[in-house]
Amino acid sequence: MKRETLRHPKAYALAATLGCSRPTALGYLVLLWDYTGEVAPRGNIGKWPNGVIAMACDWQGDPDEFITALIDTSWLDEDETHRLIIHDWADHCERFVKAKLERTGEAILCPKQEPCTQRAHSVHENPKPARTVNALSNPIQSQPNQTNTASAVCSEAAPSEPAETLSEYEFPVVGKASKVWRLSQSKLDEYREAFPGVDIDSELRKARQWCRDNATKRKTANGMPGFLTRWLGKVQNNNRGSPPRRQQHGQELTLDF
């Protein structure tokens, strides 16, 4: 673990989110990184279920709550292909992990792209400073005296705002980019299709108010889609436990199946 991690604001945020001490939160991170090095050396820990990840970290509570806390405090990145990726894995993984990737010719993964455009240094040489490149540009070229692959320093591009957004659904967020995230019409259509038993508009307004009232727990722009998906999923699951009702002759009847 890097020395700066010990008192990084994200370490305090994770402890506060999980309701534990900072040393305990740091212990969870060490176990997470150690397990990832063994079973997902590229950083794609999301190939394992939340329950497995939580158990590997000795978390005793709800696995989904644990994973959500790691995402919300930016220790895990959500990814469309790999589900979950260790944030800045190149900075946290041990030397043997980088050596293993060098031998297999694989690269450390970064969010929203596969593989990471830059590789890890060979552990047999001293790394040289590398130019930071945009995630959409070509991979950086090796230095003249460099015999192995380039440094795994990834630049995180600011999230681009969807072309078609809904101004009535603006959520306050945290992060380096805009402080407001707007729901796109296409994403709203997806939610209505995926959660047919949920009053989507009403729940989105509730989620927006929650974000306004809980400034310390706000999500990043990249984390908002996952946050809303989890919100709506819990509502739909709760609704399934209630027996359906219907009106007949002015009386409300409960239908039992």
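The values are calculated or read from the model by the stated rules, or taken from the named source; none is laboratory data. All values derive from a computational prediction rather than experimental measurement. Cβ placement follows ideal geometry from the backbone for every residue including glycine, while neighbour counts extend to all protein chains displayed.
Points worth noting:
One line per residue, one yes/no per condition, for (1) among the basic types (Lys, Arg); (2) touching a Pro at 6+ places or on another chain (Cβ under 6 Å); (3) not in a helix (DSSP H, G or I):
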residue	(1), (2), (3)
Arg182	yes, no, yes
Tyr191	no, no, no
Val198	no, no, yes
Ser202	no, no, no
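- Spans of helices (runs of 4 or more DSSP H) in segment 61-126 with at least 1 residues modelled with pLDDT of 90 or more: 63-72, 95-104
- Any hit, segment 225-245, residues being in contact with a strand residue (DSSP E or B) (Cβ under 7 Å, 6 or more places away or on another chain) and at pLDDT below 85: yes
- Number of the exception - Thr5 against (1) at pLDDT below 95; (2) farther than 22 Å from Lys176 by Cα; (3) β-branched (Val, Ile, Thr): (2)
- In segment 3-17, the residues that are more than 15 Å from Val30 (Cβ to Cβ) reach residues that are part of a helix (DSSP H, G or I) with C-beta atoms within less than 6 angstrom, at least six apart or across chains, in these pairs: Thr17/Ala69.
- Meets criteria (at pLDDT 80 or above, more than 30 Å from His87 (Cα to Cα) and part of a helix (DSSP H, G or I)) for Ser186: no
- For the condition assigned to a helix (DSSP H, G or I) and either touching a Phe, Trp or Tyr at 6+ places or on another chain (Cβ under 9 Å) or closer than 26 Å to Arg218 by Cα (or both), Thr24 qualifies.
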